[in-house]
1. Confirm whether Thr391 is among the hydroxyl-bearing types (Ser, Thr, Tyr), surrounded by 20 or more Cβ atoms within 10 Å (Cβ to Cβ) and modelled with pLDDT of 90 or more.
2. Do we have any residue at all in region 672-691 that's of a type in the set (Ser, Thr, Tyr) and touching a residue at least 60 places away in the same chain (Cβ under 8 Å)?
3. Looking at (1) under 22 Å from Lys358 (Cα atoms); (2) under 38 Å from the mean Cα position of the chain (by Cα), which one does Lys322 not meet, given that it meets all the others?
4. Confirm whether Ile525 is aliphatic (A, V, I, L, M), part of a helix (DSSP H, G or I) and more than 22 Å from His629 (Cβ to Cβ).
5. Quickly run through region 280-309 and pick out the residues that are among the charged types (D, E, K, R) and at pLDDT 85 or above.
6. Being small (Gly, Ala, Ser) and assigned to a helix (DSSP H, G or I) is the filter here, so list the residues in region 786-805 that pass it.
7. Among the residues of region 831-867, what is the count of those that are at pLDDT 50 or above and either outside the structural domain of Phe788 (by TED's automatic domain parsing) or of a type outside the set (D, E, K, R) (or both)?
8. If you take the residues of region 713-739 that are part of a loop (DSSP other than H, G, I, E, B) and either in contact (Cβ under 8 Å) with a residue 60 or more places away in the chain or over 17 Å from Gly758 (Cα atoms) (or both), which of them is nearest to the chain's Cα centre (by Cα)?
Amino acid sequence: MLSPNDKKLEKLGPFYRPSVSKQKTSAEIISEARNALRTVRAQRPFTPREDQRKLFGPASSRTPEGRPPSCFSLHAASFESSDSRPFSGARLSPLELKPKAPTSPATEEDPCPSFPTPPVDPAKIRRISRARARLFRAASQGTLLPDRAHPPAEPKKTVESKETVLMGNSVVKRNAIYLTESNATGHLKSHPLQLTYDGGFGEIKEQEMFIGATPLPSPLRSGGDQGKRRGRASSCPDSSDLSGLETKAVSKADLQEKDTEIERDEVFWNTRIVPILHELENEENIETVCAACTELHHALEEGNMLGNKFKRRSILLKTLYKLVDVGSDLLSLKLAKIILALKVSRKNLLNVCKLIFKISRSEKNDSLIQNDNILESLLEVLGKEDLQTNTEAFLYCMGTLKFISGNPGFLNEMISKGTVEILINLIKQINENTKKCGTCLPNSGHLLVQMTATLRNLVDSPLARSKLLSISALPQLCTAMGQHTGDKDVCTNIARIFSKLTSYHDCCVALANYSRCYALFLTLINKYQKKQDLVVRIVFILGNLTAKNNQAREQFSKEKGGVPTLLSLFHTFYQLDLQSKKWVGDGEEQLKVQRPPTQAEDVLIKLTRVLANLAIHPGIGPAMAANPHVVGLLLAMLEYKSVDDCEELVINTTATINNLSYYRVKNSVIQDKKLYIAELLVKLLVSKNMDGILEAVRVFGNLSQDHDICDFIVQKNVHKFLIALLGAKHQEICFSACGVLLNLTVDQDKRIILKEGGGIKKLVECLRDVGPTDWQLACLVCKTLWNFSENITNASSCFGDEETNTLLVLLPSFLDEELALGGSFDQDLKNYHRLHWETEFQPVAQQLLNRIQSHHSFLEALPIPSS
C-alpha cells in the first residue's frame, strides 16, 4: 500500500526547468540552477617589457620633438655657481625712512649715504660680493674695517651672532648687520658705523652710517628730531630711523658660548672637511675618491653642515661640480647624494636629477643606486620641493623611480619609504592646479606619464594596493585620466593600473563604487575606438567590474550609450578581424592559418566577456536577448570562428549566448534562432576542447526546455553524446549533460532513449561516484530517474536488475545523515553540503527510494538500511 504522501507524489509531473513567468532577482536566478547564468573570465592584457629605459617608450603617442629628451650631455659647466651662495635665512628689518641715492660722495657734513639700488651689471655684483666677503673675514678675525674718522684705540673682539649687542667699544650685530660702538661715555658716539650683510638675497655695499647720541639700552625711537638738531636732511636716518633694529643686552656667558660654537665650527671645517676636499681635488684613483666622498658626507652630517645655510657651501659645491666630469657612475651617484643633501635649487636641482637619471638608464647600475640609498634623496626632493617651480627636475627624478620600480628588488623599499603616498599627493596637486587653471599645466602630462608608470609597477605589491585604498587614490587617478583624456599615454598607464587593481576583489569594489568611472571609460572608448592597446584594457576593467558586482552592471546600463558603445566597438574590431584573415594554399584547397589571438581578437574576447556579465542582470539580460544587433554579432562570431582558431573567443561567445538563452521572453531573438544556434553548437560539441563542450552543453540545457530542440537532439543523436559525457568524470560536464537529459525525459516518447543508449547505467554510476561530494548533481540524477520511472510497474524491468539493486543500496546510505555528512570537511564546507543535502537531495531521493521499494518484487530479500 502506498502512503498518502506516496500517492500524492505519484500525481506529480516530471521534474524539469520551468519557464520564467516573472522577472527574478539575480540571486534567485543563480540559485535556481547552477551555472545557468555565469560570469566569464579573461586574461589580463599583456604589457611587454621595454628593451631600453627611456622617459617615453616606443609605443608612446608623443613625437620625438614634443617630449623631453632621454639622452643629453651633462658636465661640470652645466651647474651654476650662483646657487652655491650660502643662504643665511636672516632678513633685514624694514626702515621707515627710505634713504635717497646721493648726488655726490659722502662728506663730513653728510656722512650718511643711502643704500644704493642693487646693480644689474654682473661685474659689479661680483665686486660687491668680494667686498662683502672681505668684511666677513675681517669680522671673523676680530676686527672690522677701520673707522676713517675715529680709529679705534685697540682691536676689539667680534662675535658672529644674528642678534648681538655688546656694551662698550665693541661690535654690535643685529639681523646680520655689524655695528661698531664706543664705550667712552656709555653712549653711542657720533662716529662712522661699518655696515655689512652676511648673506641672503639682497646686496648691500660697504657703507658708513652715523648713529646719534642716544643712551643705551633705551630702544631706538622713530622720528626726525635727532636729525633736525644736527641740521641733517631728513633723508639721512639716525638711530631713531632704524625702527626695525632693537638693542638687546646679551650676557657674557651667551657671548662666550657663541664664541665657542664659532670656534668649534672653524676647527671642524679646517681639521675634518678641508683635508677631504684636498684629497678630492688631488686624488686620481676613482675608488679612493669615492671613499673620500662617502667620508665627506658623513663628516658634513656629523658637523651639521648639510642643507642650504652652511656658509662655506659655495666652496664645497664648486669642488663637487668639478668631479662630475670624471664620468664614473659610482662617483657621480655619491656626488649627487651630497649635492642633494646641500639643498640645491632650480637649474642645479634639475642637473643633479638629470645626472641620476642618466646613471639609472643602465640596469646594471641598479645595485649602485640601492647601495648608495639614492632613493631616499629622490623621495625627499619629490616630497619637499615645489612642484610648479621644479617640474622638469621632478620629471627626471620620476624617470629614475620609474626605472628602478621595474626591478622587483626595489619594491618593498620604495613602498615602505612612502613612495605611493608621495606620488598620489603629487597627482592630487596636478589635479587641483589643472582644475584651478581650467587647463592642463605645461609638462604636467609628461610628469604624469612617469608617475603612473611607476605606480603601475608598484601595484604588484599587496602593501601598495592596501595603501592606495587607504588614501582613496582611485578617484584621484580617475580625475587625472578625465583631465588628460587627450593624452593617450597618461590614459593608457592609468588603464594599466586599473587592469591590475581590479583583478583583486577589494580594489574592484572600490573602483565600482566610484560611479563617475563608467562615463569616463565610455568616453575613452569612443575617443580611442581603434587604439587597441588602450581600449582592450578599458574593456578588461569593465569586465572585472561587472563580473563581481551586480550594482556595477546596473550602473553601467544606466550610462547613456553604454551597450551601444560596446556594440560599436565590437563591430569595429569584428571588421578588423575579418580583414586580418589569412589564407594559404592553391585553388580549392585553402586552409586557415592557426595562430595566437590577434589584437582584434583580444578586444573581442574582452568585449564578449562584458556582454556575458551584463546579461546576468535581470533587467539587462532580457533586453539584450531581444536585441538583434547583440545576437547577430555573437552568431556571426560562431559562424566563422572555430575553437581551434581562437579558443577563448569562441568559449566566451558561447557563454554569452548561454546567459541570453536563459531568458524565455516573447521577443527573444535567441528563441527565434534557437534551431540555427543548435546547429552551430553541434560543431563545438564534436571538438576535442572540453571547455568548449561544456559551454555548448550548457546552452543546450537552456534551449532543451523547448520541444523543437528536444526533437533536434534526438534526430541528430546528440543525446548519445550527452550520455557518453556522464562518464567523463568531470562534475560540471556531468551536471550540464544530466540537465539536458532531464529535460528530454519530460516527453514520454523520449524516455526510452535513456535505456537504449545505456543512459540508466551511466546515471547510476554517476550517482555512485560523485553523490557524496556533490548533492546538487545527485539530486539532478534522482530527478532524471524519477521522470524516467513515472509509469513504473516493476522496478527491475524499468531500471534493470543490477541498477535497481545498486539504487536500493546507494539511496538508503545517502539518506542516512550521519553517513552522508560525516566526511572530514571543515565547518563551512560541511554547512554547505548540509544545505544542499537537506533542501535538494533528500526530498527527491526519499521519494525515488519509496517508489523503487514499492515496485520491487524482491524487496524482502534485500538488507535495506533504515532511512
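1. No, not satisfied.
2. Taking region 672-691 as the starting set, the residues that turn out to be of a type in the set (Ser, Thr, Tyr) are 676, 687.
Among the residues that remain, those that are also touching a residue at least 60 places away in the same chain (Cβ under 8 Å) are: none.
No, there is no match, as no residue in region 672-691 is of a type in the set (Ser, Thr, Tyr) and touching a residue at least 60 places away in the same chain (Cβ under 8 Å).
3. (2)
4. For Ile525, the condition - aliphatic (A, V, I, L, M), part of a helix (DSSP H, G or I) and more than 22 Å from His629 (Cβ to Cβ) - is not met.
5. Residues of region 280-309 that are among the charged types (D, E, K, R), as a first pass: 281, 283-284, 287, 295, 301-302, 309.
Once the filter is applied, which keeps residues that are among the charged types (D, E, K, R) and at pLDDT 85 or above, region 280-309 yields Glu287, Glu295, Glu301, Glu302.
6. Taking region 786-805 as the starting set, the residues that turn out to be small (Gly, Ala, Ser) are 789, 795-797, 800.
Residues satisfying the conditions are Ala795, Ser796, Ser797.
7. Of region 831-867, the ones at pLDDT 50 or above are 831-857.
Now narrow it down to the ones that are either outside the structural domain of Phe788 (by TED's automatic domain parsing) or of a type outside the set (D, E, K, R) (or both): 831-833, 835-837, 839, 841-850, 852-857.
Residues flagged as at pLDDT 50 or above and either outside the structural domain of Phe788 (by TED's automatic domain parsing) or of a type outside the set (D, E, K, R) (or both) within region 831-867 amount to 23.
8. Within region 713-739, the subset part of a loop (DSSP other than H, G, I, E, B) is 716-717, 726-730.
This time we only want the ones that are either in contact (Cβ under 8 Å) with a residue 60 or more places away in the chain or over 17 Å from Gly758 (Cα atoms) (or both), so: 716, 730.
Details: Lys716: 53, His730: 40 Å.
Residue satisfying both the conditions and the ranking: His730.
The values are calculated or read from the model by the stated rules, or taken from the named source; none is laboratory data. Quick caveat, the model's predicted, so the values are computed rather than measured. Heads up, the Cβs are rebuilt from the backbone with ideal geometry, glycines too, and the neighbour counts pull from every protein chain shown.
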